[in-house]
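In what follows, a single structure is set out as structure tokens and then discussed.
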Amino acid sequence: MSENIVLEMFVIFIVILFSPILSRLLKIPVIVLETLLGILLGPSFLSILEAECWLLTIALVGFIYLMFVVGLEVELRLLRRKFSRVIAISLGSFLVPLTVGYFVGLYYGLPPEFIGVALSTTSMGVVLPTVKEYAEDNPDMAQTLLGAAILVDVISMLALAYVIEREYLSPDKLVFFVASVLGIMIAIAILKEWKPVKDKIKALTGAYHLDVRLCIALIFGFAALAEFTGIHAIIGAFAAGLIVSELEEKVEGLLEKLLGFGYGFFIPIFFIAVGIRTDLRLVFGNIRGLEILGALLLAGFTGKIAGTYFISRVSGFSKSESLSMGFAMSARLSLIIAAAELGLTAGLIDQEIYSILVLLAIASVLLSPTLSKLALGRKVPKIPEEIPIP
């Protein structure tokens, strides 16, 4: 390993170490700050770090782990509450920005389906702290908002995978993948209840953290299975997150260990790498870049707010509640950055549009929670950090 790589790794770990402290001081989410610091250290400003092969490899691992965390934060059982409202609001929140984004993509000569799906996403991790604040005063709104955010998360993930991989998808491969996932789920459930195996796992967990090792193997096993069947690896990682989400309550401390491992190492490197790959010169160096940025910001916010607001009003929520839910659902981070990464890798978008989507994600996270609280006339505290803990 060269001396330059060691020095660059040291710089990255200094960023990882101090970004939570700066996040508290500046009152912005830590992963947003990591992305901004990546932009600062990358070619846009200081050119200290570059998107080299070794960094992109570790970032890819972080990307897969991030999609696992997205699945991990989804509690499917919550969808049963206020089911009809959740379905209706989810469809409005997904389909309206999808349609608006499609036409914006057509107008600017961008891949319309990809842009539509990117704008339809919602960041469950940013919505969650907002829901927690509303839970005591307005539990009906909080439960509906949480369920809608979960469902949009799942639909957006599947739609994104379809847009990226549709040329390689086939019914038999999809059936094989689903059958394999179900088979593994059943096997895990049986083994967890088989007393000799259960006792052995418990003993090894205390000494060697076998529960964490099994989950890591599950993440990358599902990712590899997805790739083998022609589906993108993130769907496999997402499926692993859904499975562990349903099982983690039976394993004490497992969720905390998994999140500590991910957010302590791989995921910060992914967001720093995203910042490094974001080139602001391509966005702000020409009128077209600024115009597309403005158009996507406008389309992203108006599509989400309109789609959520009108369905929420029909569902019986007040004007202020409906507007607040619309702003909350406008928050995007993990999935829109995932869309940017996949779009760039697949050749659907260039570096300029990639950078624009990253800026859109940052803007939405910084603005949406605050605007959601203002719509209800609430006092605005610090902008919540994206946290996946249910």
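The values are calculated or read from the model by the stated rules, or taken from the named source; none is laboratory data. Note that the structure is predicted; figures quoted are calculated from it, not measured. With ideal geometry, Cβ positions are generated from the backbone for all residues, glycine too; neighbour counts draw on all protein chains shown.
Does LEU359 meet the test of being modelled with pLDDT of 90 or more, in a helix (DSSP H, G or I) and touching a Leu at 6+ places or on another chain (Cβ under 8 Å)? It is true that LEU359 is modelled with pLDDT of 90 or more, in a helix (DSSP H, G or I) and touching a Leu at 6+ places or on another chain (Cβ under 8 Å). Of note, GLY260 does not satisfy the criterion of being small (Gly, Ala, Ser) and modelled with pLDDT of 85 or more. A single member of ASP153, ASP140 is at pLDDT 80 or above and within 20 Å of MET67 (Cβ to Cβ), and it is ASP153.
Counting only residues that are within 30 Å of LEU254 (Cβ to Cβ) and either modelled with pLDDT of 60 or more or touching a strand residue (DSSP E or B) at 6+ places or on another chain (Cβ under 7 Å) (or both), the stretch 362-390 holds 2 of them. For the stretch 176-205, residues that are closer than 24 Å to TYR65 by Cβ and either surrounded by fewer than 10 Cβ atoms within 10 Å (Cβ to Cβ) or modelled with pLDDT under 65 (or both) total 3. Each residue in the stretch 24-73 was checked for being closer than 29 Å to ILE150 by Cα and acidic (Asp, Glu), and 2 pass.
Pairs linking a residue in the stretch 113-136 that is farther than 18 Å from MET157 by Cα and of a type in the set (D, E, K, R) to a residue that is surrounded by fewer than 24 Cβ atoms within 10 Å (Cβ to Cβ) and modelled with pLDDT under 75, with Cβ atoms under 9 Å and 6 or more positions apart or on different chains, are LYS132/PRO384; GLU133/ARG378; GLU133/PRO381; GLU133/PRO384.
GLY109 fulfils the conditions (1) surrounded by 24 or more Cβ atoms within 10 Å (Cβ to Cβ); (2) not in a helix (DSSP H, G or I) except for a single criterion, (1). Does at least one position in the stretch 41-48 carry a residue that is under 24 Å from the mean Cα position of the chain (by Cα), part of a helix (DSSP H, G or I) and over 16 Å from TYR263 (Cβ atoms)? The answer is yes; a qualifying residue exists.
Comparison of ILE336, ILE292 shows that the only residue that is in contact (Cβ under 8 Å) with a residue 60 or more places away in the chain, closer than 30 Å to GLY42 by Cβ and more than 20 Å from the chain's Cα centre (by Cα) is ILE292.
Within the stretch 30-55, the set of residues being in contact with a helix residue (DSSP H, G or I) (Cβ under 6 Å, 6 or more places away or on another chain) and under 16 Å from VAL365 (Cβ atoms) comprises VAL30, ILE31, VAL32, LEU33, GLU34, THR35, LEU37, GLY38, ILE39. For the stretch 21-40, filtering for residues that are in contact (Cβ under 8 Å) with a residue 40 or more places away in the chain and either outside any helix (DSSP H, G or I) or loosely packed, with under 14 Cβ neighbours inside 10 Å (or both) leaves 3. Against the criterion of being small (Gly, Ala, Ser), out of contact with any helix residue (DSSP H, G or I) (no Cβ under 7 Å at 6 or more places or on another chain) and within 21 Å of LEU49 (Cβ to Cβ), GLY285 qualifies. Failed condition for ARG332, given (1) closer than 22 Å to LEU37 by Cα; (2) in a helix (DSSP H, G or I); (3) of a type in the set (D, E, K, R), with all others met? Status for ARG332: all satisfied but (2).
For first residues located in the stretch 218-243 and at positive phi, partners that are surrounded by fewer than 21 Cβ atoms within 10 Å (Cβ to Cβ) and lie 6+ apart or on another chain with Cβ distances below 8 Å form the pairs GLY230/GLU165; GLY230/TYR168; GLY230/LEU169; GLY230/SER170; GLY230/LYS173. Evaluation of ILE87 against the conditions (1) at pLDDT 95 or above; (2) of a type outside the set (Asp, Glu); (3) assigned to a helix (DSSP H, G or I) shows that the sole unmet condition is (1).
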